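S.K.: Take this structure, written in C-alpha cells, and hold onto it; I'll ask about it next.
The values are calculated or read from the model by the stated rules, or taken from the named source; none is laboratory data. Since the model is a prediction, treat every value here as computed from it, not as a measurement. With ideal geometry, Cβ positions are generated from the backbone for all residues, glycine too; neighbour counts draw on all protein chains shown.
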Amino acid sequence: MDAIIRAIPKIDLHCHLAGSLSARTVIALAAKNSVPLPVTNPDKFYDFTDFYDFLSRLEVIGRCMVTRDDFARVSYEALVDGHRKGNLRYAEFFFSPNYHYPHGVCYETMVDGFVDGLRRAKEEFGITGRLIPAINRELGAEVAMAMVRDVLTHRREEVIGIGMDCAEFKGPPELFRDAYALARSAGLRCTAHACEDNQTLMQAPPRNVETCLDVLGCDRIDHGYNILADPILTCQCRERGVPFTVCSHTCVPQRMEKRAASLQAMHDAGLFLVPCTDDPPMFGTDIGTTYVTMARILSLGVEEIVAMSLRTIEAAWLSDEEKATMKVAFQAEIQALSEMDA
C-alpha cells in the first residue's frame, strides 16, 4: 500500500524553501559563500533541541544563499526532490526575505533566482512551482509592510500570495492588518501560520485563526492544531471549509506523538486537512512519506488517500479552470496506477 500512496500525484501547499535544502546542499553553499556553520557533519546538521533551535538553524541556512544561482538551485532541487520521492506535481513554496536582507541580498535577487529554478524544473520534469513570500512576524508591522512593498515593486507571475511565520506569540496576527490589506489590494492571496502546537495555548491561541481569517483575509491556515481547544471555532471552520495545511512531521521528533493526536482529532472534527511537508529534509520527510504517515495516523486506505489527494487541489491558489485540468490529469494518472496494480 505504501508504494501506491507514494506513487499517486500530489500537491504541497506548505513547504519552506529555506527548509527544503538537503544538509549536503547547505554545506556546499556555505563553503561556496564562506559561511561558517555550527555543524558540518551532514548526518547531524538537522538535529534540533527545540523549536527555537530549529529557527536559529533556518537563519544560518538563509545566510548560505547569496547569488541568484544559489536561489535557483534551492527552488529547483525542492521541486525535483519532491517529484522523485513522492510524485509531487505542484507546489506553493514559502520563502522568507528577511532571512536574506541582513546579509546584503535584495528581494530582486532572491525572487528572480527562485523563479529561474522553478522554470527549469518545469521545463525538465513538467512540475509546477509557485512562490509565497512570508512575513517574519517577530520583526513587527513596519518590516512586514516594507516586505510587501518589495513584493509589489518587483512583481513576478510566480508570486501568488503572502504568508506569515516564526514565533507566533512575538507577533500576533492583528498587528499585520495593514500589510495584508496592501497585499490583497494588489490581488495577492493570503495565508498565515497560526495555532502551532510547538507553542502553548497562551502563545498560540485559537483566536489567532479567527483573526487570520476575518481580519487578515486569509484563504487558508497553515498548521492550526491549537484550534481544537475551541470547539465552536472548530465547528465554524468545518462549516466554512477552511483548508488547514497540516504537517505530519515536526522539528522535534519527541513531539510526533502529540502531532499525530492533533491530526486525528482534526480529522475526526471534519476539518479540511491538506497534507504538506513543511521543511522536508530538516524533519526527515518528503511528500510521499508525509502521505504514508497520514494514512497510518488516520487509518486511511488507498481509496481514502486518493480522495484526500484530489481534494487538496481545491485549496491551491489556482483558477477554477486550472484546478479542473489538474484534477482530470490526477485522476487519469491514478487510474493508470490502479490498472498496473490490478
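S.K.: For the stretch 272-289, name all the residues that are farther than 16 Å from residue 6 by Cα and either among the polar types (S, T, N, Q) or crowded, with 23+ Cβ neighbours inside 10 Å (or both).
M.R.: Result: 278, 279, 282, 283.
S.K.: Sort through 71, 45, 94 and tell me the only one that's in contact (Cβ under 8 Å) with a residue 24 or more places away in the chain and closer than 27 Å to residue 198 by Cα.
M.R.: It is 94.
S.K.: What's the number of the only condition in (1) of a type outside the set (A, V, I, L, M); (2) surrounded by fewer than 24 Cβ atoms within 10 Å (Cβ to Cβ); (3) under 16 Å from the mean Cα position of the chain (by Cα) that residue 254 fails to meet?
M.R.: That leaves (3) as the condition not met.
S.K.: Which numbered condition trips up residue 246, out of (1) exposed (fewer than 13 other Cβ atoms within 10 Å of the Cβ); (2) among the aliphatic types (A, V, I, L, M); (3) outside any helix (DSSP H, G or I)?
M.R.: Status for residue 246: all satisfied but (1).
S.K.: Let me ask something else. Scan the stretch 35-73 residue by residue and report those that are among the basic types (Lys, Arg) and exposed (fewer than 13 other Cβ atoms within 10 Å of the Cβ).
M.R.: Selection gives 44 alone.
S.K.: Check residue 295 against each of (1) touching a residue at least 60 places away in the same chain (Cβ under 8 Å); (2) among the small types (Gly, Ala, Ser); (3) under 27 Å from residue 161 (Cβ atoms) and name the one condition it does not meet.
M.R.: Failed condition: (3).
S.K.: Right, residue 215: surrounded by fewer than 21 Cβ atoms within 10 Å (Cβ to Cβ) and not aromatic (Phe, Trp, Tyr) or not?
M.R.: Answer is yes for this residue.
S.K.: Collect the residues in the stretch 290-333 that are farther than 22 Å from residue 4 by Cα, among the hydroxyl-bearing types (Ser, Thr, Tyr) and assigned to a helix (DSSP H, G or I), keeping them in residue-number order.
M.R.: 325
S.K.: Taking interchain pairs and intrachain pairs at least six residues apart, which have beta carbon atoms under 9 angstrom, with the first residue in the stretch 1-26 and of a type in the set (Ser, Thr, Tyr) and the second surrounded by fewer than 19 Cβ atoms within 10 Å (Cβ to Cβ) and outside any loop (DSSP other than H, G, I, E, B)?
M.R.: 20/77; 22/77; 25/77
S.K.: Taking only the stretch 180-197 into account, find how many residues are part of a strand (DSSP E or B) and farther than 23 Å from residue 110 by Cβ.
M.R.: Matching residues across the stretch 180-197 total 1.
S.K.: For the stretch 200-209, check the following and say yes or no: at least one residue is touching a residue at least 40 places away in the same chain (Cβ under 8 Å), touching a helix residue (DSSP H, G or I) at 6+ places or on another chain (Cβ under 7 Å) and more than 24 Å from residue 79 (Cβ to Cβ).
M.R.: Yes - at least one qualifying residue is present in the stretch 200-209.
S.K.: Check residue 167 against each of (1) modelled with pLDDT under 95; (2) surrounded by 19 or more Cβ atoms within 10 Å (Cβ to Cβ); (3) small (Gly, Ala, Ser) and name the one condition it does not meet.
M.R.: Residue 167 satisfies every listed condition except (2).
S.K.: Among the residues of the stretch 161-179, count how many are in a loop (DSSP other than H, G, I, E, B) and small (Gly, Ala, Ser).
M.R.: Number of matching residues: 2.
S.K.: Another question, if that's okay. Could you go through the stretch 231-241 and let me know if any residue there is surrounded by fewer than 21 Cβ atoms within 10 Å (Cβ to Cβ) and touching a Ser or Thr at 6+ places or on another chain (Cβ under 7 Å).
M.R.: no
S.K.: Follow-up question, since we're still on this one. Could you pull out the residue among 246, 274, 328 that is within 21 Å of residue 129 (Cα to Cα), more than 20 Å from the chain's Cα centre (by Cα) and at pLDDT 95 or above?
M.R.: It is 328.
S.K.: Looking at residue 210 and the list (1) among the acidic types (Asp, Glu); (2) under 19 Å from residue 277 (Cα atoms); (3) surrounded by fewer than 21 Cβ atoms within 10 Å (Cβ to Cβ), which single condition is not satisfied?
M.R.: (2)
S.K.: Same structure again: How many residues does the stretch 26-39 hold that are among the β-branched types (Val, Ile, Thr) and under 16 Å from residue 100 (Cβ atoms)?
M.R.: Matching residues across the stretch 26-39 total 2.
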